[in-house]
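Comments concern the structure below.
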Amino acid sequence: MRLIKWLFSRSFFQGFIEAAGLFLSFDIIVFHWVFQLHRITNGTEANWLGPILVVFGSIFVWYGIKRERQNTKIENTENVFQG
């Protein structure tokens, strides 16, 4: 984990989390449910697996946006005090 924090900035990590969440939610809702192009699996587990992934995707998007806003507020207050 330290290596990831050293190699990538916070904004990159938050953007990655948001992108993964958006992909999970958007892909399942649009392609699986609306257009019914393909299913996650052919069994009945797709009926509960799809909604769970949409919820996790929505949580990822919410978490990424929330953390990025917090980081931006912290950076803005630091810049105000510096001059």
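Nothing in this text is a laboratory measurement; each read-out follows from the coordinates by a stated rule. Just so it is clear, the model here is predicted, and its values are computed rather than measured. Note that each Cβ is placed from the backbone with ideal geometry, even for glycine, and that neighbours are counted across all protein chains shown.
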Seminar exercise, completed: Along the range 59-65, Karplus-curve 3J(HN,Hα) (6.51, -1.76, 1.60; θ = phi - 60°) to the nearest Hz, with x for Gly and Pro, reads 5, 4, 5, 4, 5, x, 5
For this session: Return one number: the angle in degrees, 0 to 90 and rounded to the nearest 10, between the long axis of the Cα atoms of helix 10-26 and the longest principal axis of the Cα atoms of the chain.
Result: 20 degrees
Exercise. What value, in deg cm²/dmol to 500, does the helix sum -39500 (n - 2.57) over DSSP H runs of n ≥ 4 give at 222 nm once divided by the residues of the chain?
Worked result: -25000 deg cm²/dmol
Problem set entry | Residues listed by number, the range 53-68, amide nitrogen under 15 Å from Phe13 label point at 7 Å toward C-beta | 63-68
